[in-house]
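A short worksheet on the structure shown next.
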Amino acid sequence: MTSPRPREHEQPLLAGNGPTAEELKSKSRTVSFGILCLCVLVVNSTFSVLSPIFPQEALKRDIGTGVVGLIFSSYSWVNFAAAPMLGTAVQRGYLTRRTLLIIGLLVVTTGCLGFGLSAKIEHRLYFMLACFFLRIFQGLGCAAVDTASLGVVISLYRETDFLGTAMGLLESALSLGWVIGPVTGGFAADIGGFGLPFFLSGGAALVFCPILLWLLPTDEQGKENDDDQPETSLIALVTNPILAVLLACPVLMAAGFTFLDPVLGPHLSADGYSAGMVGAAFGVVSAVYAGLSPFTGWLSDRLGRLPIMIAGLLVVAASYLVLGPFPPLVPPLSATSAPLLWTSMVLLGLGSGCVLVPALPALLDATSTLGFNDSGMEDLLSGTVSGAFYLGGGAAPAIAGTINAVFGFGWACTGMGFLMLLQAVALLILLLFLRTPPSRARPAAKSPFHDSSQLPEHVDEEQPHDNGTYLAGEGAWDHRVPDPPESPRSPTARLAGPMLRRTSLSQPSFKRKRAAASQGPP
């Protein structure tokens, strides 16, 4: 009788035939991320689906273009106000990302269906009020979806080397939604009238609710904060000098996108361009941004966030100075205005991707570097970045129209270009500050930093680089010995001291405390 095969020979065979736990986790992460990108694409298409059809419907009821503009802009202002509050709610544990995402999808669906039915309202005032309410309602839903989706992407890829790439793919999906919305909305309205585009987009958003309920785990990240660690507030983030400089980037880039909305069309029409060519000019910006965002995210993962953002700001500044053009450059550039138009549009899309895609990962690295280590910090940052983006997007058209009316198109674009240059200089100063190693000056004899017991333990060089490396690139904070702050009340001490101490260590603070406790008292 043949003896059975030993069990120790079966286990390697069975383990080798199937996927490993890490492979299953990676596949699940990829599927969840892909579905989330499609969801963001559909939701953001509802932002722009009104563009080709709503002004004509409003004109039938004798509603002026000024009111139509207010209805459109209310979406951005609601996002600006709601997104940081929603991020704070997730951070503090009142909501989970999964719950916020599903609620946002349901709100967007309801708003779309309401817009589709609003065509039945013939009364001018009632139609106007209904559209204001529905647009605000849509803005709340989109703020919830964007805030939750950013937090989910960070949770999926924060521990990998592909966070920047993932953010680039998500930004591509978002911008494709802006492009697809007007195209599908216009053709659907031609086929089925004013209501059909909203019914289609609302139904598509509703489909993702059960799929995401099944894919996304029930997370309770907002309730994991340590009892002895106070939660960071939104005010603490926006008043920190380093974080304020970084937060200015999404504000300016959103402004760079929408600054041209009220002024480029009339300027090109005066030069003999058709409406189709004007639309193509805007389409080039979105197409380049969507196509190159994953590459810029991948590049920021390899070269550091700040260098890519500085290069992007310089490219955007060049695009605006050429588009105007800068008045002293008018004689040599006037003969080639058509090639310069398309060149500036391509540069605007490319530079915007280089700044917007690494912005949230850079802020995430900076908060960790500065010691903001609350659980749920990524959710607060997601809401803050979304709000900052819509702040710039909502304010820029009004500012552009005013400057254009007073000073002309050339000086309006020149002002925006120099504003981008100023922000690039601010980031360059920040980059140089991050790359400056701590001073080797010897501290005072009675300083607690002079005691060798107060210095950090030796860190294994095989451990991965800290967040400062991702933020500033290779070579940031290579020195491991911290420099003592000048004074407990000094702003430099509050800013540079904790930063240098934090980035001089690869181990998180809770691991160092655990290691110290295990060694016992000296």
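Assorted remarks:
- Residue within region 42-52 that is out of contact with any Asp or Glu (no Cβ under 9 Å at 6 or more places or on another chain) and surrounded by fewer than 17 Cβ atoms within 10 Å (Cβ to Cβ) present: yes
- Pairs with Cβ under 9 Å, 6+ apart, first in region 321-339 and more than 14 Å from His267 (Cα to Cα) and at pLDDT 65 or above, second β-branched (Val, Ile, Thr) and open to solvent by less than 40 Å² (accessible area, probe 1.4 Å): Leu321/Thr414; Phe326/Thr414; Pro327/Thr414
- Residues that are within 28 Å of Leu363 (Cα to Cα) and either of a type in the set (S, T, N, Q) or without any contact (Cβ under 8 Å) to a residue 24 or more places away in the chain (or both) do occur in region 172-186.
- Which numbered condition Gly192 fails, given (1) open to solvent by 20 Å² or more (accessible area, probe 1.4 Å); (2) of a type outside the set (Phe, Trp, Tyr); (3) touching a residue at least 24 places away in the same chain (Cβ under 8 Å): (3)
- Out of Leu105, Leu38, sole residue that is at pLDDT 85 or above, within 25 Å of Gly168 (Cβ to Cβ) and open to solvent by 80 Å² or more (accessible area, probe 1.4 Å): Leu38
- Looking only at residues in region 398-429 that are in contact with a Pro (Cβ under 9 Å, 6 or more places away or on another chain), within 14 Å of Leu264 (Cβ to Cβ) and among the small types (Gly, Ala, Ser), the one that is surrounded by the most Cβ atoms within 10 Å (Cβ to Cβ) is Ala400.
- Boolean, Val31 is over 28 Å from Ala290 (Cβ atoms), in contact (Cβ under 8 Å) with a residue 24 or more places away in the chain, open to solvent by 30 Å² or more (accessible area, probe 1.4 Å) and in contact with a helix residue (DSSP H, G or I) (Cβ under 9 Å, 6 or more places away or on another chain): no
- Of the residues making up region 66-94, those that are under 11 Å from Ala144 (Cα atoms) and open to solvent by 30 Å² or more (accessible area, probe 1.4 Å) number 2.
- Qualifying residue in region 280-296 (condition: open to solvent by less than 20 Å² (accessible area, probe 1.4 Å) and more than 30 Å from Ile154 (Cβ to Cβ)): yes
- Single match in Asp379, Asp365, Asp301 (criterion: among the acidic types (Asp, Glu), farther than 20 Å from Gly256 by Cβ and touching an Asp or Glu at 6+ places or on another chain (Cβ under 7 Å)): Asp301
- Options Ser149, Ser175, Ser201; residue that is at pLDDT below 85, part of a helix (DSSP H, G or I) and crowded, with 17+ Cβ neighbours inside 10 Å: Ser175
- Every condition in (1) within 19 Å of Val107 (Cβ to Cβ); (2) modelled with pLDDT of 80 or more; (3) open to solvent by less than 70 Å² (accessible area, probe 1.4 Å) holds for Leu129 except the one numbered (3).
- Filter pass, Asp301 being open to solvent by 10 Å² or more (accessible area, probe 1.4 Å) and outside any helix (DSSP H, G or I): no
- Residues located in region 340-355, provided they are open to solvent by 10 Å² or more (accessible area, probe 1.4 Å) and at pLDDT 90 or above: Val346, Leu347, Leu350, Cys354
- Residue check for Ala248: modelled with pLDDT of 80 or more, under 18 Å from Met416 (Cβ atoms) and buried (at least 20 other Cβ atoms within 10 Å of the Cβ): no
- Restricting the first member to region 60-80 and to residues that are basic (Lys, Arg), and the second to residues that are open to solvent by 80 Å² or more (accessible area, probe 1.4 Å), the beta-carbon pairs closer than 6 Å and six or more apart or on different chains are Arg61/Arg124.
The values are calculated or read from the model by the stated rules, or taken from the named source; none is laboratory data. Since the structure is predicted, the reported quantities are computational estimates derived from the model, not experimental observations. Backbone-built Cβ (ideal geometry, glycine too); neighbour counts: all protein chains shown. Heads up: the accessible areas ignore ligands, DNA and RNA and are worked out on the full protein's heavy atoms, side chains in. Shrake-Rupley method; radii C 1.70, N 1.55, O 1.52, S 1.80 Å.
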